[in-house]
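Working notes, beginning with the structure itself.
The values are calculated or read from the model by the stated rules, or taken from the named source; none is laboratory data. Predicted model only: the values in this text are computed from it and were never measured. Ideal geometry is used to build each Cβ from the backbone, glycine not excepted, and the neighbour counts take in all protein chains shown.
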Amino acid sequence: MPVIIMEPLLGGKLANSLPPEAQEIFRLGTSSPDHRKWSGSPAAWGLCWLWNQSEVTVVLSGMTDPAQVAENAALTDVCSAGSLTGEELALYSKVKDVFNRANKINCTGCAYCLPCPQGVNIPGCFSAYNTSYIMGWRSGLQLYINGTGITAAKSSDPAACISCGKCEKHCPQNIPIIESLKKVKIRMEPLPVRIALKTVRAFLGRHKKSC
């Protein structure tokens with residue numbers, strides 16, 4: 001049976017959003033004298049792991065510019081079933097541990113859970129939550145504010161969730177979205193932040209009326 005891999009890089013997360021510790025593991029692995037001469041980008045490591053599996057028939061890699069096309073094409077010349085060494089496979093295990101510790105919610109951002117009847121930006125909430133562990137809480141908070149429009153009169157933050165469950169029926173990752181949104185709310189909106197956001201929202205509301 002042919003095996004076709006969709007979203008081989010987890011919606012780009014394995015290429016662009018690896019924790020710094022994981023990126024360093026791959027960087028050191030690429031600089032090793034025993035490593036073959038292929039691109040050391042996280043995307044390359046991810047794709048080569050798939051091509052190393054004899055069961056994989058086709059990898060549907062999403063590419064957005066000619067450089068990525070060239071990189072992926074070059075990788076096919078050096079990555080094939082059984083081509084990875086034991087040392088390289090050990091690096092994947094280390095990166096996997098780091099990634100799983102940092103990415104608390106396994107959301108790929110596919111947006112199949114949308115539209116939410118209440119307007120909650122579910123992927124945006126989860127992205128901010130994970131970013132708060134990967135890049136730090138402040139970076140996550142900035143993404144949370146921008147992604148949910150929480151300072152607006154009608155925002156798309158987790159507070160709007162009424163636990164209807166419509167989103168969970170469509171999630172291909174089987175994420176317990178309702179409970180996960182509660183975790184997002186707790187982490188991203190501690191009491192001082194809630195007070196600050198409420199103040200900003202009230203100020204913006206008065207300013208809009210006066211205009």
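Could you please let me know if GLY124 is out of contact with any strand residue (DSSP E or B) (no Cβ under 9 Å at 6 or more places or on another chain) and either surrounded by fewer than 16 Cβ atoms within 10 Å (Cβ to Cβ) or within 16 Å of ILE178 (Cα to Cα) (or both)? Here the answer is yes, as GLY124 does meet what is asked.
Scanning segment 81-116 for residues that are buried (at least 17 other Cβ atoms within 10 Å of the Cβ) and either farther than 17 Å from PRO172 by Cβ or touching a Lys or Arg at 6+ places or on another chain (Cβ under 6 Å) (or both) gives LEU84, GLU88, LEU91, TYR92, VAL95, VAL98, PHE99, ALA102, LYS104. In the set (1) closer than 20 Å to LEU9 by Cβ; (2) in contact with a Phe, Trp or Tyr (Cβ under 8 Å, 6 or more places away or on another chain); (3) in the same structural domain as PRO176 (by TED's automatic domain parsing); (4) of a type outside the set (D, E, K, R), SER127 fails one condition alone, (2).
Any chance segment 100-123 includes a residue that's in the same structural domain as ALA15 (by TED's automatic domain parsing), touching a helix residue (DSSP H, G or I) at 6+ places or on another chain (Cβ under 7 Å) and hydroxyl-bearing (Ser, Thr, Tyr)? Scanning segment 100-123 turns up no residue that is in the same structural domain as ALA15 (by TED's automatic domain parsing), touching a helix residue (DSSP H, G or I) at 6+ places or on another chain (Cβ under 7 Å) and hydroxyl-bearing (Ser, Thr, Tyr). Step by step: first the residues of segment 133-186, then only those that are surrounded by fewer than 20 Cβ atoms within 10 Å (Cβ to Cβ) and β-branched (Val, Ile, Thr), then the one that is nearest to TYR112 (Cα to Cα). Which residue is that? Across segment 133-186, the extreme among qualifying residues is ILE175. Could we say that ALA152 is in contact with a Leu (Cβ under 9 Å, 6 or more places away or on another chain), among the small types (Gly, Ala, Ser) and free of Cβ contacts under 8 Å to residues at least 60 places away in the same chain here? Judged against the criteria, ALA152 is a match.
Checked against (1) out of contact with any helix residue (DSSP H, G or I) (no Cβ under 6 Å at 6 or more places or on another chain); (2) surrounded by 12 or more Cβ atoms within 10 Å (Cβ to Cβ); (3) of a type in the set (Ser, Thr, Tyr), SER61 passes all but condition (1). Among the residues of segment 1-25, just one is buried (at least 17 other Cβ atoms within 10 Å of the Cβ) and in contact with a Cys (Cβ under 8 Å, 6 or more places away or on another chain), namely GLY11. Out of VAL98, VAL78, one residue alone is more than 12 Å from the chain's Cα centre (by Cα), in a helix (DSSP H, G or I) and more than 21 Å from ILE186 (Cα to Cα). It is VAL98.
One residue alone among GLY62, GLY109 is in a loop (DSSP other than H, G, I, E, B), in contact (Cβ under 8 Å) with a residue 60 or more places away in the chain and closer than 30 Å to TRP137 by Cα, and that residue is GLY109.
May I ask you to say which residue of ALA159, ALA90, ALA152 is over 23 Å from PRO8 (Cβ atoms), out of contact with any Cys (no Cβ under 9 Å at 6 or more places or on another chain) and outside any loop (DSSP other than H, G, I, E, B)? Of the residues listed, the single one that is over 23 Å from PRO8 (Cβ atoms), out of contact with any Cys (no Cβ under 9 Å at 6 or more places or on another chain) and outside any loop (DSSP other than H, G, I, E, B) is ALA159. For beta carbons closer than 8 Å, sequence separation of 6+ or different chains, a first residue in segment 183-211 that is part of a helix (DSSP H, G or I) and a second that is at pLDDT 65 or above and charged (D, E, K, R), the qualifying pairs are LYS183/LYS104; LYS185/ASP157; LEU197/GLU189. Close contacts from segment 77-91, counting a first residue that is among the β-branched types (Val, Ile, Thr) and a second that is modelled with pLDDT of 90 or more, with Cβ to Cβ under 9 Å and a gap of 6+ residues or different chains, come to VAL78/CYS48.
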